[in-house]
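Written below as structure tokens is the structure these notes are about.
Throughout, read-outs are computed from the coordinates displayed, never taken from laboratory work. These numbers come from a predicted model, not from an experiment. Cβ placement follows ideal geometry from the backbone for every residue including glycine, while neighbour counts extend to all protein chains displayed.
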Amino acid sequence: MSYRTEEVAYVQPAQPAASALAAQATQQRSTAEYRALDAAHHIHPFSDMGSLNRSGSRVIVKAQGVYLWDSEGNKVIDGMAGLWCVNVGYGREELADAAYKQMLELPYYNTFFKTTHPPVIELSALLAELAPEAFNHFFYCNSGSEGNDTVLRIVHQYWATQGKHSKKFVISRKNGYHGSTIAGGTLGGMGYMHEQMPSKVENIVHIDQPYFFGEAQGNLTPEEFALARAQQLEAKILEIGADNVAAFIGEPFQGAGGVIFPASTYWPEIQRICRKYDILLVADEVIGGFGRTGEWFAHQHFGFEPDLITLAKGLTSGYVPMGAVGLHDRVAKAIIENGDFNHGLTYSGHPVAAAVAVANLKLLRDEKIVDRVKNDTGPYFQKQLRETFANHPIIGEISGTGLVAGLQLAQDPKARKRFANGGDVGTICRDFCFNGNLIMRATGDRMLLSPPLVINKLEIDEIVSKAKKAIDATAQQLGIS
Ligand SMILES: *Cc1c(COP(=O)(O)O)cnc(C)c1O
């Protein structure tokens, strides 16, 4: 292959065959063909490829609203909004139009060298309007993981501008999830990820999570337990020395870790400790942001004020990749007034992603989707789940608010006794859901729901009744009734 392209005559690209054109319009391959090619060439994230290739993937070919269709023509209700991200639901033409128009107008331009463009300007102004008052500045990237990498860079730069160069440690939590880049994976508290990482980012340490059902001992109330877990932050700061601690990061509620909702005592105490020792407080809002709890941001639900927020997923409803970090005015000021910030990505503020994000946020706002989650569909979803699974023989607790919920599978719900092989039980239940055309995720022994925010009450009923069937079938298979 020659790199001297100027000597190569231009060759007209071959016209795609009629069959290939048709294949683009509709599904052309059989499920078996798709599976064979997938197994031959595609490595999936977070998967055991040997076993997946033996069983074969489900091929998802289209989607509309809260429904997916697979290559066998099965209609599946998506209880997870993709991966917690398709907040406005599938098939919204407004987002497709925004992308199409932007691709023709200006498909790409960078923002590194004294240039900017209308979509990133509009998005920044709109985010400043929608975010809490003190958040007026945004830095862009392509994912939540990159957002948290960016957080580390901002935190470090912030303390450098304050002359506090020893503030380097970041405290995070076990079973937190902050992405899968090296920094995101290190910040996260997933042991199985740490084990496979070649090295970790320095100066990141973890405290225990506020997981009452799984980890509370004795007769502590949820409030007392949450307070004790928050106070581990203070103990850790004192151990490391406040002069060495830069930030604490946490998801307002843990998503991938099992939809773990801390009791109301947790976040106010975390905030008090961060203020007391002059430590930045970072809320990873990648799942909680953009309406999931019925507030625009989950930290508003819990009533605290972070210094930085990480955004992704619902920012574009997953239609195109985009992440961002929002900076509180006091942090933004320090970054803006102190010279070069040496961080950026080729696609920071990508015009197509920004245009889609603007269209997405306008739908969430103008169709009052977030309001509906707060006042109508969210309370209904929570009530239906709690009523349906009250006194269920293998449901230990239901956590969540708005349109996110975690269902704890338990051997003995009243005694808070978990299954010895909880992960297996979760997988059994997940498979029953899958076969019943409901997407519900299992994290260990917790079943997770996080449907598109546009879901209506009939569709909520369908999710709840399908979940009930799957959980009943799981109990039956275990011989528990
Ligand atoms: C998904 C997620 C991330 C990582 O986002 P990616 O876009 O997958 O990199 C980070 N934080 C939280 C809380 C998440 O749920």
Near-label residues of the range 415-459 by backbone N, under 20 Å of a point 7 Å along Cα→Cβ of K75: 433-440, 451-459
Lys and Arg at +1, Asp and Glu at -1: neighbours of L281 with Cβ under 12 Å from its Cβ sum to -1
Measure up K164/K276; K174/K200; K362/K466 against 23 Å on the Cα-Cα distance and list the ones that go over. K362/K466
Counted neighbours (other Cβ, 10 Å), sorted fewest up, put M440, M197, M322 in the order M197, M440, M322
What does the charge add up to near L363, with Lys and Arg as +1, Asp and Glu as -1, over the other residues with Cβ less than 11 Å from its Cβ? 0
Mind giving me the FRET efficiency for V201 and S481? R0 is 51 Å, r the Cβ-Cβ distance, nearest 0.05 is fine. 0.60
Tell me which of P119, N142, Y158 sits at the most positive position along the dipole axis of the range 69-228, charges placed on C-beta atoms (Lys, Arg +1; Asp, Glu -1). Y158
DSSP beta bridges in the chain, what fraction antiparallel, as a percent rounded to 5? 65
Under 8 Å for C-alpha pairs, at least 6 residues apart: give me the relative contact order for the chain, rounded to a whole percent. 19
Derived scalar couplings ³J(HN,Hα) [the range 238-245; Karplus, 6.51 cos²θ - 1.76 cosθ + 1.60; whole Hz; x for Gly, Pro]: 5, 5, 7, x, 4, 5, 9, 9
Note down the magnitude of the dipole of the chain about its Cα centre, charges +1 on Lys and Arg C-beta and -1 on Asp and Glu C-beta and zero elsewhere, to the nearest 20 debye. 600
Amide H of K62: which non-local residues (sequence gap of 5 or more, or other chain) have their own amide H closer than 5 Å, using H built in the peptide plane? W69
Taking r as the C-beta separation of L220 and H42 and R0 as 30 Å, the FRET efficiency to the nearest 0.05 is 0.05
Extending each Cα 7 Å along its Cβ direction at M193 and M49, get the distance between those two points in nm, one decimal. 2.0
Neighbour counts of other C-beta atoms within 10 Å: give me V404, V454, V205 arranged from fewest to most. V205, V454, V404
Would any residue of the range 76-103 have its amide N under 20 Å from a label point 7 Å out along Cα→Cβ of R29? List them or say none. none
Suppose only helical runs count, i.e. DSSP H with n ≥ 4. What mean residue ellipticity at 222 nm does that imply for the chain under -39500 (n - 2.57) per run, divided by all residues and rounded to the nearest 500 deg cm²/dmol? -12000 deg cm²/dmol
Just rank R418, R29, fewest to most, by other beta-carbon atoms within 10 angstrom. R29, R418
How about the range 260-305: which GluC sites (Glu not before Pro) there are in a DSSP loop, with at most 10 other Cβ atoms within 10 Å of their Cβ? none
